[in-house]
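Written below as structure tokens is the structure these notes are about.
The values are calculated or read from the model by the stated rules, or taken from the named source; none is laboratory data. Since we're looking at a predicted model, the values are computed, not measured. Don't worry about glycine lacking a Cβ; one is built from the backbone with ideal geometry, like all the others, and counts go over all protein chains shown. Ligands, DNA and RNA are excluded from the accessible area calculation, which covers all protein heavy atoms including side chains. Shrake-Rupley method; radii C 1.70, N 1.55, O 1.52, S 1.80 Å.
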Amino acid sequence: MMKNLHKMKSWLVAMVAIVALMGASADAIAQYEGTSVDVSFYEGDMSFDLSGTYDFNAMLNDKPSYTIADTPAGAGPAIIFWDGTQWVFALGGDVGGMTLSTNSADSDLVPQNGWVDASGMSLEIGTYSGNGTDPYAGTTVDVSFYEGDMSFDLSGTYDFNAMLNNKPSYTISDTPAGAGPAIIYWDGTQWVFALGGDVGGMTLSTNSTTTELVPQNGWVDASGMSLNIGSYSGNGTVNNTPTAITDVVPGFEMKLYPNPATNYVMLELNEVANLTIYST
């Protein structure tokens, strides 16, 4: 009797574990149901078009996969999935098809940036957007930060790390001078460039520009040692150079502000008019 009870207890524990796993899987699937990836992938020389909306298919290696049944050029189904080490864009409605491009960004969603051709035929890498994608995964910031008097070099490529205070942060594990890790992040009121792989390290320079990505311009020294402020570029940055605005349309009242402008401009007219605005 006791032996049978022990077996029943073990069976019940196993069943609870299975149900828990099924529930977790259902939660994961529900999180991505309805998401999609809009792909633009056209190789003109081969009239090879895999563009279209790729719908959520299933969880593969704990990340969502996306498929399309057919494509404009009739190339058949295609899939985007995580193979355990990288994202893969491939022909075929399941894993194992011809790999076209890959991305090593370890993101929860399909990365928009950082794709490389893996076809062996020098094909286009395509563009990826939609609510099934991550706009920051795969982005980087190229930093040039060298203080000659101190042989203090924090230059290098800073990879996307995580979202901090609703903006992307970027880190580098080590630097040319062996100064250790460094980070660029938004602290809630300003951008910060600091030593250390996490917030709380020694602040070197700051930038109060409220841009979505790391601003290229407007950095100031915050080290207390009169260090260089460095330069910042790459697809994880935005050119926030102020644009000078002048009134060029006579004959009626027009107001443009702010002046100078960075992220946006407001235009007020006292009558309806057609205007052409040039960005130079």
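What accessible area per residue comes out for the range 153-238, rounded to a whole number of Å², with a 1.4 Å probe?
Working: 3640 Å² over 86 residues.
Accessible area per residue, the range 153-238: 42 Å².
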Inset, instruction - Work through the residues other than T139 whose Cβ is under 14 Å from its Cβ and net out their charges, Lys, Arg +1 and Asp, Glu -1. - result: -4
Inset, instruction - Just reorder E43, E212 by solvent-accessible area, largest first, 1.4 Å probe, all chains present. - result: E212, E43
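Quick check: at a probe of 1.4 Å, how many percent of the accessible area of the range 158-221 sits on carbon and sulfur atoms?
Answer for the range 158-221: carbon and sulfur cover 45 percent of the accessible area.
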Inset, instruction - Work out from phi, with θ = phi - 60° and the Karplus expression 6.51 cos²θ - 1.76 cosθ + 1.60, the ³J(HN,Hα) of each residue of the range 215-220, listed in order in whole Hz, and give x for Gly and Pro. - result: x, 7, 10, x, 6, 10
Legend entry - Listed peptides 102-110, 118-126, 132-140 by packing density, highest first (mean Cβ within 10 Å): 132-140, 102-110, 118-126
Legend entry - Cα-based shape type of the range 53-120, given that a ≥ b ≥ c are square roots of the gyration tensor eigenvalues and the cut on a/c is 1.5: oblate
